[in-house]
Each structure stands twice: as C-alpha cells, then as structure tokens.
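The values are calculated or read from the model by the stated rules, or taken from the named source; none is laboratory data. It should be emphasised that the depicted structure is a prediction, and the values quoted were computed from it without experimental measurement. Backbone-built Cβ (ideal geometry, glycine too); neighbour counts: all protein chains shown. Accessible surface areas use protein heavy atoms only, side chains included; no ligands, DNA or RNA. Shrake-Rupley method; radii C 1.70, N 1.55, O 1.52, S 1.80 Å.
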Amino acid sequence: RYDKDITTVCRFCLFLSAHETTEEGCEPGLMEIARPEVNPFLLPEKWISTDLKEIEHIAPENPLEGHRWDKNLYDSTEIHEIGNLSLLPKNVNISAGNKNWLEKLLYYQHLGLESNTDVLALSEKANKNGIVLKSETIQLLRAARYSSHIKPIVKVGESGNWDINLVRKRSDKIYEIIWHRISPWIFENE
C-alpha cells in the first residue's frame, strides 16, 4: 500500500499543501493559503531536510489497545487519508508513533516553540498528565527547523477531537490547495 512511489507522491502533496499556507482562523486543524513567501515549502533544502522526511499518521495506523481515537477512522480506509497525515523528523515519528492524542499533541506543540519558558511549561504540563516525553525526542523537536506545517494540527488543542469529520475536512482542504497549486501548471499552455 505504501510503496516508495506512492510515499513520494504523498509527501510531495503534503509539501504542496504546506507551501505558503497558515492555520485557518476559524477551523482548527485546517490550513489556508497565505501571502506569498509566508512559510515557503517548495524549496530543495526543505525537500531533503530530515525534519520533513517521514510521513506520520496523526491518528495512528495501529493504535494501542484501549485507545480513544475515533473508531470510524478504523472502520474504513480513512486512517490513510491525506488529512490524517503530516511530515515529521524520522525519530520524532517513531516516538510519537501509536500514542494517544494528548501525548502526540505535546510532541507537535514542541515543534513550534521558540522560548525556553514555553518548553518548561509544556514539560510541566506533560508531567501533570502523567506523560513522560523522551528527552532525546524533545531535543530533536526543538532542533527541527521547519514546523509551520504542524501549526494547524496544534490548533485542534487538548479539547479538540481528531475524528473522521476533521480528517475528511482536512483532506478536502489539502486537495483544494493542491489543485490551486498544480492547475496553473497543467493549464498553462491552453
């Protein structure tokens, strides 16, 4: 199902949907097209960056027993929809893996942090919730250079619901942005 060609095309689509986008103001989890040069992703250095190397299932492919992810995602193939995918550094992808939403959210939130005070507050929040974040993973998250694409996902927040409806909306939005980006290339000579 995820052979190399499909993975490459999917990864390229995630780049297209992250390129010059920002989080949508009223719809947590979704992105919208931003002004030119805001969060550029279609750059060779980003394509080869280890920060954006792995495709991550947000709701995991193989959740832990007793999980609280939306069961509807697992009753269909929608667990593999592009709206349930993101790009992460390989070691972060391995650490986030099959975790629950709150723990994954804490990992994702670390990607966008710029202040040491915020890092400490997030670590305290994890400890209060009984979540132990691997220090080596936190270091990788803090060292990641490209994280703007994760901000719409972080906007879902602790009380948000990563469910089949959100995955469908995200997929539709991603397809819309991809079409917006590639249709001029396709119809340029017509």
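When the residues of the stretch 25-52 are filtered to those that are open to solvent by 30 Å² or more (accessible area, probe 1.4 Å) and charged (D, E, K, R), the one that is nearest to Glu78 (Cα to Cα) is Glu27. Only one entry in Leu140, Leu133 is aliphatic (A, V, I, L, M) and not in a helix (DSSP H, G or I), namely Leu133.
Go over the candidates Lys151, Lys169, Lys155 one by one and state the one that is touching a Pro at 6+ places or on another chain (Cβ under 9 Å) and open to solvent by 20 Å² or more (accessible area, probe 1.4 Å).
On the way: Lys151 fails: touching a Pro at 6+ places or on another chain (Cβ under 9 Å); Lys169 fails: touching a Pro at 6+ places or on another chain (Cβ under 9 Å).
Lys155 is the lone residue from the list that is touching a Pro at 6+ places or on another chain (Cβ under 9 Å) and open to solvent by 20 Å² or more (accessible area, probe 1.4 Å).
Do we find that Asn165 is without any contact (Cβ under 8 Å) to a residue 60 or more places away in the chain, under 17 Å from the mean Cα position of the chain (by Cα) and within 16 Å of Glu27 (Cβ to Cβ) in this structure?
On the way: without any contact (Cβ under 8 Å) to a residue 60 or more places away in the chain: yes; under 17 Å from the mean Cα position of the chain (by Cα): yes; within 16 Å of Glu27 (Cβ to Cβ): yes.
Considered against the rule, which asks whether it is without any contact (Cβ under 8 Å) to a residue 60 or more places away in the chain, under 17 Å from the mean Cα position of the chain (by Cα) and within 16 Å of Glu27 (Cβ to Cβ), Asn165 comes out as yes.
For the stretch 148-156, the criterion of a residue being touching a helix residue (DSSP H, G or I) at 6+ places or on another chain (Cβ under 8 Å), at positive phi and at pLDDT below 95 is satisfied by no position.
In the stretch 75-101, how many are part of a helix (DSSP H, G or I) and not aliphatic (A, V, I, L, M)? Before you say what the answer is, go through the steps one by one.
Of the residues in the stretch 75-101, the ones part of a helix (DSSP H, G or I) are 78-80, 82-84, 90-96, 101.
Adding the requirement that they be not aliphatic (A, V, I, L, M) leaves 78, 80, 83-84, 90-91, 93, 95, 101.
Residues that pass the stated criteria total 9.
Checking the structure you have, find out if any residue of the stretch 118-129 is among the β-branched types (Val, Ile, Thr) and open to solvent by 10 Å² or more (accessible area, probe 1.4 Å). Walk me through how you get there before you give the answer.
Taking the stretch 118-129 first, the residues among the β-branched types (Val, Ile, Thr) are 119.
With open to solvent by 10 Å² or more (accessible area, probe 1.4 Å) added as a condition, the list becomes 119.
The answer is yes; a qualifying residue exists.
Scanning the stretch 149-161 for residues that are touching a Phe, Trp or Tyr at 6+ places or on another chain (Cβ under 8 Å) and assigned to a helix (DSSP H, G or I) returns His149, Ile150, Ile153, Val154.
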